[in-house]
Amino acid sequence: MTATTQRTSTTRRWVIRGTATAIAVVVAAGTIAAAHTIGTSETPGRPAGRTVTPVPADAERVCAGSALRLSDDAGNDATTASTVGRPTIATATTGQTVDRTDLQASTTGSSDPTLLTAPAGDRTPQVAGSSYQSVSDGDLVGIAAASCDDPSQSTWLVGGSTETGRTSLITLSNPTDVNATVDLEIHDATGLVSAPGTTGIVVAPNSQKVVPLSGFVSDQGSTVVHVTSSGGQIVAHMQESVVRTLTPGGFDIVSGGAAPSRNQVIPAVALRGAQESQRGDDTADAAPVVRIFVPGTESARVTLGITTADGGGTTVNTTAEPGVVTDVALDDFPDGRYSFTVSSTQPVVTGARTTTPTEDGATDLGWFASAEPLGSRAITAVAAGAAARMDLVNPTTRDSEVTIRSGDDRQTVEVPSQSTATVSVPASKQLEITGARGLVAGVSYAGRDGVAGFPVRPASEVSTPVRVYP
């Protein structure tokens, strides 16, 4: 190659690169100019962007389903859960209708959970509900109540026992159209349970799987289960039933509680005949307790505030060690409806258990979950049951005036700061709660058939318009 040729080749490469750069500059300048034009037409002086409004979607929640027994109708096949009776379900929606469908069963049985769906209209609606069931079938006797819940990737179930005569069943409901892979992190009074089968549990789409807690831990009276899922989202509940020697000891459903936090509220805890329930054999777990678990690595100093609607109250101080389940006994409290406010130096999860005598000489247990704060507006519906009441708890520093509407009926409730108000609400009707931002609410049942309760859920999170930038 001559010197002249080499210079020409070098010049050509430079020209090509320069031309490409020039083109890139022109294109970039044009893009910036176009973007600037878009941006200034909507938000002058800001980068370009478009507001994208998500397409309205159906709203869904899952109700816990029927009472379960680990056997078939003939008392055989103790590896499969079978249903006993059917609950009543109350629903509410901001949409037009609520559709009900049953999820499919797996090989381990099913509680026949009900999927509530509010079809989308111009906006994504809200849907809510609760269930109540009274059972008297052999050794399964008592009442249970539960909230209908949003699918989630994380649920804390604070409750359960695997001691002799105690059966705890975890129900994993997958209302989505994809497989859900579920892990169970189980803790008891000795620490984290290490057992095969707690991870990688596959729940098929639109189905439920029942998992006995005794398959992983035996002879433990205090358990907490953290349910996490990937793929499809899960609605998790736990059913506990008790037989004291040969006497039915009741059953209930544990709803998911609030996520770990330094401040927790357990509303609407019903105490009825606590001392009488502890008489006789095998009643060590009949005492009312608040169950506390610290998921972190440091001990927590905990203050438990106990209040009633009549202004009464007291406090209990305790220490909870990390990684192990702590039960705080509640002795010598008179009958009534209580709310428990837990303040801790470390994030905790909490729940409460009470036991009551029933008219047939047996007992029934009730589990009460901690509740998330409500927003400015929430809807709910209370399933018909014995002596239902709603508790509104105000843990904030300001007084609140809460309005509860049901059709044309309306009642206004004053809830001073750091206090509790108990109100009667109609059953099986849609309730709209306004003015309760920052408050928590729960419903409890207390009658001759037993005790039960569930937290009132805040409105589901709905996708809102977002601004997209190039």
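Do you know which residues across the stretch 198-215 are in contact with a strand residue (DSSP E or B) (Cβ under 8 Å, 6 or more places away or on another chain) and surrounded by fewer than 21 Cβ atoms within 10 Å (Cβ to Cβ)?
If we filter the stretch 198-215 for residues that are in contact with a strand residue (DSSP E or B) (Cβ under 8 Å, 6 or more places away or on another chain), which is where we start, we get 198-214.
Scanning the stretch 198-215 gives Thr198, Thr199, Gly200, Ile201, Val202, Ala204, Pro205, Asn206, Ser207, Pro212, Ser214.
Pick from Ala204, Ala189, Ala180: which is of a type in the set (A, V, I, L, M, F, W, C) and within 18 Å of Val349 (Cβ to Cβ)?
Going through Ala204, Ala189, Ala180 in turn, just one is of a type in the set (A, V, I, L, M, F, W, C) and within 18 Å of Val349 (Cβ to Cβ): Ala189.
Hey, can you tell me all the residues within the stretch 382-403 that are of a type in the set (A, V, I, L, M, F, W, C) and surrounded by 23 or more Cβ atoms within 10 Å (Cβ to Cβ)? Explain how you work it out, then say what you get.
Step one: of the stretch 382-403, the residues of a type in the set (A, V, I, L, M, F, W, C) are 382-384, 386-388, 390, 392-393, 402.
Result: Val382, Ala383, Ala388, Met390, Leu392, Val393.
Does Val235 fit the bill of being within 27 Å of Ala320 (Cβ to Cβ), touching a residue at least 40 places away in the same chain (Cβ under 8 Å) and touching a strand residue (DSSP E or B) at 6+ places or on another chain (Cβ under 9 Å)?
Values: within 27 Å of Ala320 (Cβ to Cβ): no; touching a residue at least 40 places away in the same chain (Cβ under 8 Å): yes; touching a strand residue (DSSP E or B) at 6+ places or on another chain (Cβ under 9 Å): yes.
Considered against the rule, which asks whether it is within 27 Å of Ala320 (Cβ to Cβ), touching a residue at least 40 places away in the same chain (Cβ under 8 Å) and touching a strand residue (DSSP E or B) at 6+ places or on another chain (Cβ under 9 Å), Val235 comes out as no.
List pairs: first residue in the stretch 193-205 and within 14 Å of Ser218 (Cα to Cα), second residue part of a loop (DSSP other than H, G, I, E, B) and of a type in the set (Val, Ile, Thr) anywhere in the structure, Cβ distance under 8 angstrom, at least six positions apart or on different chains.
Note: pairs meeting the criteria are Val193/Val217; Ala195/Val217.
One residue is enough: does the stretch 73-80 have a residue meeting the conditions surrounded by 16 or more Cβ atoms within 10 Å (Cβ to Cβ) and outside any loop (DSSP other than H, G, I, E, B)?
Our first condition is that a residue be surrounded by 16 or more Cβ atoms within 10 Å (Cβ to Cβ); within the stretch 73-80, this holds for 80.
Then drop every residue that is not outside any loop (DSSP other than H, G, I, E, B), which leaves none.
The answer is no, given that none of the residues of the stretch 73-80 is surrounded by 16 or more Cβ atoms within 10 Å (Cβ to Cβ) and outside any loop (DSSP other than H, G, I, E, B).
Give me the pairs, please: first residue somewhere in the stretch 319-342 and farther than 14 Å from Gly366 by Cβ, second residue anywhere and surrounded by 15 or more Cβ atoms within 10 Å (Cβ to Cβ) and among the aromatic types (Phe, Trp, Tyr), beta-carbon distance under 6 Å, and either six or more positions apart or on two chains.
As it stands, the answer is Val325/Phe293, since those pairs meet every condition given.
Kindly evaluate Thr79 against the criterion of being touching a residue at least 12 places away in the same chain (Cβ under 8 Å) and in contact with a Gly (Cβ under 8 Å, 6 or more places away or on another chain).
On the way: touching a residue at least 12 places away in the same chain (Cβ under 8 Å): yes; in contact with a Gly (Cβ under 8 Å, 6 or more places away or on another chain): no.
No.
Cβ-Cβ below 7 Å, separation at least six or inter-chain, first residue in the stretch 373-390 and within 14 Å of Ser406 (Cβ to Cβ), second among the basic types (Lys, Arg): which pairs?
Ala381/Lys429
Of all residues in the stretch 162-208, count the ones that are more than 18 Å from the chain's Cα centre (by Cα), in a strand (DSSP E or B) and not aliphatic (A, V, I, L, M).
Of the residues in the stretch 162-208, 7 are more than 18 Å from the chain's Cα centre (by Cα), in a strand (DSSP E or B) and not aliphatic (A, V, I, L, M).
How about the stretch 388-470: which strands (runs of 3 or more DSSP E) wholly inside it have at least 2 residues that are under 25 Å from the mean Cα position of the chain (by Cα)? Spell out the reasoning first.
Numbers: elements: 388-394, 400-406, 409-415, 419-423, 430-434, 440-447, 450-455, 466-468.
Because the criterion is at least 2 residues that are under 25 Å from the mean Cα position of the chain (by Cα), the strands (runs of 3 or more DSSP E) in the stretch 388-470 that meet it are 388-394, 400-406, 419-423, 430-434, 440-447, 450-455.
May I ask you to list the residues in the stretch 111-158 that are assigned to a loop (DSSP other than H, G, I, E, B), within 25 Å of Thr356 (Cβ to Cβ) and of a type in the set (Gly, Ala, Ser)? Break it down stepwise before answering.
Within the stretch 111-158, the subset assigned to a loop (DSSP other than H, G, I, E, B) is 111-113, 119-126, 138-139, 148, 150-151, 153.
If we keep only those that are within 25 Å of Thr356 (Cβ to Cβ) too, we end up with 111, 138-139, 148.
Selection gives Ser111, Gly138.
Select from the stretch 209-258 the residues that are closer than 20 Å to Ala369 by Cα, of a type in the set (Ser, Thr, Tyr) and assigned to a strand (DSSP E or B) and list them in ascending order.
Thr228, Ser241
Count, please, the residues in the stretch 319-357 that happen to be in a loop (DSSP other than H, G, I, E, B) and crowded, with 24+ Cβ neighbours inside 10 Å.
Counting residues in the stretch 319-357 that are in a loop (DSSP other than H, G, I, E, B) and crowded, with 24+ Cβ neighbours inside 10 Å gives 0.
So which residues in the stretch 278-303 are part of a loop (DSSP other than H, G, I, E, B) and in contact with a helix residue (DSSP H, G or I) (Cβ under 8 Å, 6 or more places away or on another chain), if there are any at all? Steps first, answer last, please.
Taking the stretch 278-303 first, the residues part of a loop (DSSP other than H, G, I, E, B) are 278-283, 287-288, 295-299.
Of everything in the stretch 278-303, those that are part of a loop (DSSP other than H, G, I, E, B) and in contact with a helix residue (DSSP H, G or I) (Cβ under 8 Å, 6 or more places away or on another chain) turn out to be Gln278, Thr283, Ala287, Pro288.
Please list, ordered by first then second residue, the pairs with beta carbon atoms under 9 Å, 6 or more apart or interchain, first in the stretch 273-299 and crowded, with 17+ Cβ neighbours inside 10 Å, second among the basic types (Lys, Arg) and assigned to a loop (DSSP other than H, G, I, E, B).
Between residues of the stretch 273-299 that are crowded, with 17+ Cβ neighbours inside 10 Å and residues that are among the basic types (Lys, Arg) and assigned to a loop (DSSP other than H, G, I, E, B), the close pairs are Ala286/Arg279.
We did not get these values from a lab; they are worked out from the coordinates using the rules stated. This structure is a prediction, so every number in the text was calculated from the model and none was measured. FYI the Cβ positions are ideal-geometry reconstructions off the backbone, even for glycines, and counts take in every protein chain you see.
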